[in-house]
Amino acid sequence: MSLDGHALTPPPGSRADWTIDQDWAAYSPGEHQVWMTLYQRQAAQLPGRACDAFLNGLAALDLDRGGIPDFNQINAELGRLTGWSVVAVPGLVPDAVFFEHLANRRFPAGRFIRGPEQLDYLQEPDVFHDVFGHVPMLTDPTFADYMEAYGRGGLRALNQGQLHNLARLYWYTVEFGLLDTPQGLRIYGAGIVSSHAESRFALDDPSPNRLGFDLERLMRTPYRIDDFQQVYFVIRSLRALLDATLQDFGPVYQRLAEAHDVPIAAIKATDRVLTRGTQAYALARN
Ligand code: HBI
Ligand code: FE
């Protein structure tokens with residue numbers, strides 16, 4: 001499937017906006033069991049690791065009713081809290097479609113679930129990554145506004161041919177972001193909280209760099225989609241993250257057009273360094 005933002009027609013059975021019914025009644029007992037296995041594994045290790053906004057959201061949404069949650073039940077509570085909703089999609093959707101949903105406070109979620117033989121490896125986001133990983137943070141009013149702002153910014157970036165820069169912002173915040181708190185570093189990124197191994201690696205392993213969030217620095221940093229991250233960016237607060245996106249990105253993109261990418265594991269003199277990583281993990285894998 002091409003995901004480069006060109007208008008593509010939705011697959012048969014999908015609506016024009018690429019949504020489908022979740023068809024909750026069609027899940028098998030085995031599929032519900034996969035959810036419960038994943039849920040229990042993660043819920044057990046996230047206290048003290050995930051940020052309060054995530055943990056509070058997880059509790060508020062009651063995502064542990066004995067299997068894959070029914071989006072209608074999630075939406076009743078989520079709508080009351082922040083006006084967001086979850087809509088089912090068949091898999092990855094084109095960028096423009098994805099951003100249009102976010103800009104309207106709808107989070108597109110895969111409805112399928114990984115098989116029991118692939119609990120730890122996924123090519124496309126499934127319902128566990130999308131709902132367990134992303135939706136709890138959408139109960140937080142500040143993060144909810146950030147995601148809407150990201151959707152709006154995504155639509156503008158597409159028109160300006162700047163998506164490569166903005167996609168890095170999504171990656172290093174929404175998917176792999178860390179938050180500094182008085183109690184220590186905490187996870188808010190969905191790619192980390194939904195991964196059994198990376199939710200330990202991201203906080204505890206000496207290998208990756210952990211650097212203070214800086215919008216333009218981050219947008220110059222490539223990322224890897226095939227393995228644990230080599231660098232994590234740490235925000236001081238969700239409010240600071242939202243504030244960083246409330247500026248006009250036009251001048252930012254202009255400056256970035258003149259700037260080189262920063263090698264993925266590099267540390268610059270201007271970086272705020274929380275951890276200078278050994279990169280031992282990445283070096284052993286290359
Ligand atoms: N589609 N279902 C789905 N989920 C995503 O996270 C997603 C997508 N399409 C495009 C897309 N993400 C990218 O545009 C963002 O990651 C930047
Ligand atoms: Fe995701």
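The values are calculated or read from the model by the stated rules, or taken from the named source; none is laboratory data. Because the structure is a prediction, the values reported are computed rather than measured. Ideal geometry is used to build each Cβ from the backbone, glycine not excepted, and the neighbour counts take in all protein chains shown. Surface accessibility is based on the protein's heavy atoms, side chains included, excluding ligands, DNA and RNA. Shrake-Rupley method; radii C 1.70, N 1.55, O 1.52, S 1.80 Å.
I'd like to know if the stretch 16-25 contains one or more residues that are farther than 21 Å from ILE113 by Cα and open to solvent by 50 Å² or more (accessible area, probe 1.4 Å). The answer is yes; a qualifying residue exists. With respect to being out of contact with any strand residue (DSSP E or B) (no Cβ under 6 Å at 6 or more places or on another chain), surrounded by 16 or more Cβ atoms within 10 Å (Cβ to Cβ) and within 29 Å of ASP21 (Cβ to Cβ), VAL174 fits the description.
The set of residues from the stretch 155-176 being at pLDDT below 95 and among the acidic types (Asp, Glu) is empty.
Being assigned to a helix (DSSP H, G or I) and under 17 Å from SER207 (Cα atoms), is that true of even one residue in the stretch 269-276? So far as the stretch 269-276 goes, no, none of its residues is assigned to a helix (DSSP H, G or I) and under 17 Å from SER207 (Cα atoms).
For the stretch 101-138, a residue qualifies if it is buried (at least 19 other Cβ atoms within 10 Å of the Cβ), under 23 Å from LEU158 (Cβ atoms) and within 11 Å of ligand 1 (Cβ to nearest atom), and the qualifying residues are HIS101, LEU102, PHE107, PRO108, ALA109, GLY110, PRO125, ASP130, HIS134. Scanning the stretch 71-124 for residues that are of a type in the set (S, T, N, Q), farther than 20 Å from ILE192 by Cα and in a helix (DSSP H, G or I) turns up ASN72, GLN73, ASN75, THR82. Contact map, the stretch 182-202: residues that are over 14 Å from GLY133 (Cα atoms) paired with residues that are surrounded by fewer than 22 Cβ atoms within 10 Å (Cβ to Cβ), Cβ distance under 6 Å, separation 6+ or inter-chain. Pairs shown: LEU185/LEU203; PHE201/PHE228. Taking the conditions (1) aliphatic (A, V, I, L, M); (2) open to solvent by 10 Å² or more (accessible area, probe 1.4 Å); (3) within 16 Å of ligand 1 (Cβ to nearest atom); (4) within 16 Å of the chain's Cα centre (by Cα) in turn, ALA53 satisfies each one other than (3). The residue list THR221, THR173, THR245 contains one member that is within 16 Å of ligand 1 (Cβ to nearest atom) and closer than 24 Å to PRO47 by Cβ, which is THR173.
Can you find even one residue in the stretch 230-237 that is exposed (fewer than 12 other Cβ atoms within 10 Å of the Cβ) and closer than 28 Å to GLU124 by Cβ? No, there is no match, as no residue in the stretch 230-237 is exposed (fewer than 12 other Cβ atoms within 10 Å of the Cβ) and closer than 28 Å to GLU124 by Cβ.
Go over the candidates ASP214, ASP226, ASP261, ASP248 one by one and state the one that is open to solvent by 40 Å² or more (accessible area, probe 1.4 Å) and within 23 Å of ASP52 (Cα to Cα). Every option except ASP214 fails the conditions. Restricting the first member to the stretch 220-241 and to residues that are touching a residue at least 60 places away in the same chain (Cβ under 8 Å), and the second to residues that are among the small types (Gly, Ala, Ser) and crowded, with 17+ Cβ neighbours inside 10 Å, the beta-carbon pairs closer than 8 Å and six or more apart or on different chains are TYR232/GLY177; TYR232/ALA202; PHE233/GLY177; ILE235/GLY177; LEU238/ALA53; LEU241/GLY177.
Could you grab me the full set of residues in the stretch 253-262 that are without any contact (Cβ under 8 Å) to a residue 40 or more places away in the chain and not polar (S, T, N, Q)? Result: ARG255, ALA257, GLU258.
Checked against the criterion of being buried (at least 17 other Cβ atoms within 10 Å of the Cβ), within 16 Å of GLY133 (Cβ to Cβ) and within 16 Å of ligand 2 (Cβ to nearest atom), the candidates LEU38, LEU61, LEU78 yield just one match: LEU38.
Restricting attention to the stretch 196-212, does a residue exist that is within 27 Å of ALA88 (Cα to Cα), within 12 Å of the chain's Cα centre (by Cα), within 13 Å of ligand 2 (Cβ to nearest atom) and among the acidic types (Asp, Glu)? So far as the stretch 196-212 goes, no, none of its residues is within 27 Å of ALA88 (Cα to Cα), within 12 Å of the chain's Cα centre (by Cα), within 13 Å of ligand 2 (Cβ to nearest atom) and among the acidic types (Asp, Glu). For the stretch 184-202, a tally of residues being part of a helix (DSSP H, G or I) and crowded, with 20+ Cβ neighbours inside 10 Å returns 7.
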